[in-house]
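Colleague: First the structure, which I've put down as C-alpha cells, then a few questions once you've had a look.
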Amino acid sequence: MRRTTTLVPVRTRLADLAQLAGVSTATVSRVLNGKANVSRETRQSVLSALDQLGYERPERLKHRSAGLIGLVVPELVNPVFPAFAQVIEDHLADAGYTPVLCTQSPGGTTEDEYVEILMEHGVDGIVFVSGLHADTQAGRDRYVRLRERGMPIVLVGGFAEGIDAPFVSADDAQAAELAVRHLVSLGHRRIGLAAGPTRFVPTQRKQEGFVRALVQHGLAADEAEARTHVVNTLFTLEGGQAAAEELLASGHTAVVCASDLMALGVTRAARAHGLTVPGNMSVVGYDDSPLIAFTDPPLTTVRQPVAAMGRAAVAALLTEISGDRAPRSELLFQPELVVRESTGSAPVAATVG
C-alpha cells in the first residue's frame, strides 16, 4: 500500500499562529526567524501560540533552562493550589527556570520525600505552598536542615519562628474581619465561622480575626463567647457541610468559611434543610478560586491575592539564588472582599427544616 503524507502549508501555519497570538503573519515570521526587532511580550505571545498549537519550536528558539526549581503544594483538589502553582510556574519560566511540581496526596509521597527527590535532581531552590511550615504540630528542623545545606527556600501561606527563609502570606485575620463586617452591614447578628483544623497557622489567624470582629461589633460579650461560634473541621466541601449542620442547629443566619470549598459545603447543607442562599442563610467563602464566580449562587468571598503572592515568592527565591538576602520579615498581602450573590439581608427568622 502506498503511504501518503499530507503537508500543512507554511502560510496556514503562520496564519494560525498570528490569529492565536493576535499579531500579523509578518511579526510571526520575524519571531520564528529570530529577528531582534520584536518586543519581549510579542515574542512570548507567538511562542505561546506555537506551544498551544502543538508545533515544535525551531532550534534557534529553544533555550537552555537556567536550572530546576521545586514547587511543593499540598494537593490540587482545592482550586486555589493549582492557581498558586500556575502563577509561580509562569514567573519561574519567565526567569528561565524549569519548575518541578510536587503534589501531595493522602498516603502518597510526603513533603520530606519530595524534598529528597528534588535535592537528588539538583534543584536550585524550592517554594513550599501551605507546607508543613503552616502546621504548628510539625517539626521545623526539616527547613533548618535545608538552609544548612545552602538550599534557597521560600515558604508561602503560614509562618514559623526559627526558619531562616522568606515568608509570603495573606492577612488571614483581616480576611475574617472583612467577612464579618460585611455580614453585620446586612443585619446579621448570629454569624458563625467554619474553620479548618486548629493546628494550622491560617486557621488560627482567621479565628483570631473572627473572634475580634464579633466582640468589636457587639455580637459577643467577650472572646470566650465569640469562640463558641467557631466550628473546626476539614478544609473540604464535606467539612463545610458538617460545620453548617452544627451552626444551623444553633440558629446562625450567616457563615464565614475558611475556603471556597467549605462555602460550597455550607450551601449544600442549607439546601438540604430546605433553606435558600442567601434568603435564609448568607455564606462567605475565602480564596476566590477560579470559576467560583459561576457557582449557584455566585459566591461572595474574600479574595486571596494569589497573583501578587506568587510573584513575590518567586522574586524572593531568585534573590536568594543570586546570593543576596531577601527580607526575613513575613510579607503579608491584603485580601479583598468580593461581593456576589450568596450574601443578603438577615432573615426576620431562621428555621431549620
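What follows draws every value from the coordinates through simple rules; no lab data is involved. Just so we're clear, the structure is a prediction, and the values are computed from it rather than from any experiment. Here the Cβ positions follow ideal geometry from the backbone for every residue, glycine too, while neighbour counts run over all protein chains shown.
Colleague: Can you give the relative contact order of segment 10-61 as a percent, counting alpha carbon pairs under 8 Å and 6+ residues apart?
Modeller: Numbers: 37 pairs, mean separation 17.5, N = 52.
Once normalised by length, the contact order is 34 percent.
Colleague: Taking the Cα centre as origin and putting +1 on Lys and Arg beta-carbons and -1 on Asp and Glu beta-carbons, what dipole magnitude results for segment 217-291, to the nearest 20 debye?
Modeller: Dipole size: approximately 280 debye.
Colleague: Per DSSP helix of 4 or more residues, -39500 (n - 2.57); summed, then divided by the residues of the chain. What does that give at 222 nm, rounded to the nearest 500?
Modeller: On the way: 12 runs with 142 residues, N = 353.
For the chain, the value works out to -12500 deg cm²/dmol.
Colleague: Here's a follow-up. Work out the charge dipole of the chain with +1 on the Cβ of Lys and Arg and -1 on the Cβ of Asp and Glu about the Cα centre, then indicate which of L20, F200, T295 is farthest towards its positive end.
Modeller: In the chain, that residue is L20.
Colleague: Can you list the residues, at least 5 places off or on another chain, whose amide H is less than 5 Å from the amide H of T300, using H built in the peptide plane?
Modeller: Correct list: G285, R340, E341, S342, T343.
Colleague: Then there is this: Under a Cβ-only charge scheme (Lys and Arg +1, Asp and Glu -1), can you give me the dipole magnitude of segment 198-340 about the Cα centre, in debye to the nearest 20? List each step's numbers first, then the result.
Modeller: Values: 12 positive and 15 negative charges, 32 e Å.
Using Cβ point charges on Lys, Arg, Asp and Glu, segment 198-340 gives about 160 debye.
Colleague: Go through segment 299-311 residue by residue and turn each phi into a ³J(HN,Hα) via Karplus (6.51, -1.76, 1.60, θ = phi - 60°); whole Hz please, and just put x for glycine and proline.
Modeller: Karplus values, whole Hz, x for Gly and Pro: 7, 6, 8, 9, 6, 7, x, 4, 4, 5, 5, x, 5.
Colleague: Once amide H atoms are built 1.01 Å from N in the peptide plane, which residues 5 or more positions from F333, or in another chain, come under 5 Å H to H?
Modeller: Correct list: S169, A170, D171.
Colleague: Can you work out ³J(HN,Hα) from phi for every residue in segment 126-136, in order, using Karplus 6.51 cos²θ - 1.76 cosθ + 1.60 and θ = phi - 60°, giving whole Hz and x for Gly and Pro?
Modeller: 9, 10, 9, 9, 6, x, 5, 5, 8, 9, 5
Colleague: Another one. Using the basic label-point model (7 angstrom from Cα toward the beta carbon), what is the R325 to E208 distance in nanometres?
Modeller: Modelled inter-label distance: 2.5 nm.
Colleague: Would you mind ranking T25, T267 so that the residue whose beta carbon has the fewest other beta carbons within 10 Å leads the list?
Modeller: Numbers: T25 15, T267 28.
Result, fewest neighbours first: T25, T267.
Colleague: Residue farthest toward the positive end of the dipole of segment 136-267, with Cβ of Lys/Arg at +1 and Asp/Glu at -1: which of G218, L186, A263?
Modeller: Value computed over the given set: A263.
Colleague: In nm, give the distance between the simple-model label positions of V348 and L20, each being 7 Å from the Cα along the Cα-to-Cβ direction.
Modeller: 5.9
Colleague: Right, another one. As an exercise, use a Förster radius of 25 Å and the Cβ-Cβ distance of N33 and L53 to find the FRET efficiency, rounded to the nearest 0.05. Before the final figure, lay out each step's value.
Modeller: Values: r = 18 Å, r/R0 = 0.72.
FRET efficiency, N33 to L53: 0.90.
Colleague: Any chance you could run the full-extension gain for A93 through V339? It's 0.36 nm times the residue separation minus the Cα-Cα distance, nm to one decimal.
Modeller: The A93-V339 span can extend by a further 85.2 nm.
Colleague: Continuing with this model, one more query. With θ set to phi - 60° and the Karplus curve 6.51 cos²θ - 1.76 cosθ + 1.60, what are the ³J(HN,Hα) couplings of segment 247-262 in order, to the nearest whole Hz, using x for Gly and Pro?
Modeller: Going residue by residue, I get 6, 5, 5, 9, x, 6, 9, 8, 9, 8, 10, 7, 7, 5, 4, 4 Hz, with x marking Gly and Pro.
Colleague: Computed from the coordinates I sent, Cα extents along the principal axes in Å equals one of [x] 76, 50, 45; [y] 70, 48, 38; [z] 60, 52, 40. Tell me the label.
Modeller: Recomputing Cα extents along the principal axes in Å here picks out [x].
Colleague: Suppose the chain between R140 and S185 were pulled fully straight at 0.36 nm per residue; how much longer would it get relative to their current alpha carbon spacing?
Modeller: That pair, R140 and S185, stretches by 12.1 nm at full extension.
Colleague: Report the longest stretch of the chain that contains none of the trypsin sites (Lys or Arg not before Pro) sitting in a DSSP loop with at most 13 other Cβ atoms within 10 Å. Numbers along the way, then the final one.
Modeller: Details: sites that count: R2, R3, K35, K62, R64, R149, R199, R325, R328.
Result for the longest clean stretch: 200-324.
Colleague: Still on this structure, please answer the following. Treating only the Cβ atoms of Lys and Arg (+1) and Asp and Glu (-1) as charged, compute the dipole magnitude of the chain about its Cα centre; round to the nearest 20 debye.
Modeller: Numbers: 32 positive and 39 negative charges, 284 e Å.
In total the dipole reaches around 1360 debye.
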